[in-house]
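Here the structure is laid out as structure tokens; the discussion comes afterwards.
The values are calculated or read from the model by the stated rules, or taken from the named source; none is laboratory data. Owing to the predicted nature of the structure, the values given are computational and were not obtained by experimental measurement. Cβ sites come from the backbone with ideal geometry, for glycine too, and all protein chains shown count toward neighbours. To get the accessible areas, we keep the full protein, side chains included, count just its heavy atoms, and leave off ligands, DNA and RNA. Shrake-Rupley method; radii C 1.70, N 1.55, O 1.52, S 1.80 Å.
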Amino acid sequence: QSCIIHQIRNSTKYISYKDRKEFCNDLKNVYRAPTEEVALTELDNLEEKWGSKYEISIRSWRDNWDKLSAMFKYPEEVRKLIYTNNSMESYNRQLRKVTKSKSIFPTDESLLKMLYLATMDITKKWTMRTKNWAQILGQLSIYFEGRI
């Protein structure tokens, strides 16, 4: 998993319960940093403090940094939107649920129609509004000009 939430879960499973709260507070300085440079400095600080005790957790952040640091290219509003990929995973799970009951589709077009209809049903349940959506949409329009 390459989102912040999954990375946090993965790294905290190696942390002792008595240290978890303090470790997570120090870890927040990494993923909530305003820039990638500050985040790397905070990761160094985290490693200095906890590295000898929880090397595996710190190494996990270092090994996945290329994927995790992509969010620092975007402004704060967009980062909150891409902080986790749970919504995308949920959508994919719902599509798999629809397609796994059929072993073979007669044509590619029939598969596309099935996925389209499933998407229409799935989107009816998307009722929760995203906080500051107008501002996020404006930022996305700037970063992905001509695509939104």
Quick test of the membrane-span-like rule: which DSSP H helices of the chain reach at least 30 Å along their long axis (C-alpha atoms) with mean Kyte hydropathy at least 1.6?
none
Just Val98, Val78, Val30 to compare: in a GNM of the chain, with alpha carbon springs under 10 Å, which one fluctuates most?
Val98
For Arg129 and Thr107, compute 0.36 nm times the residue count separating them, minus their Cα-Cα distance, and round to one decimal in nm.
4.3 nm
Among (1) 26.4, 81; (2) 19.6, 59; (3) 15.6, 54, the value of Rg and Dmax of the Cα atoms in Å computed for this structure carries the label (2)
How about region 1-68: which trypsin sites (Lys or Arg not before Pro) there are in a DSSP loop, with at most 13 other Cβ atoms within 10 Å of their Cβ?
Lys13, Lys53
Shape call, region 4-72: gyration tensor on alpha carbons, a/c limit 1.5:
prolate
Helix-only estimate, please: 222 nm mean residue ellipticity of the chain, summing -39500 (n - 2.57) across DSSP H runs of length 4 or more and dividing by its residues, to the nearest 500.
-21000 deg cm²/dmol
Gain upon complete extension [Met88, Phe72; 0.36 nm per residue less C-alpha separation]
3.8 nm
Arrange the residues Met71, Met114 by how much accessible surface each exposes, largest first, with a 1.4 angstrom probe.
Met114, Met71
So how long is each side of region 84-144 along the principal axes, counting just the alpha-carbon atoms, biggest first, in Å?
43, 22, 20
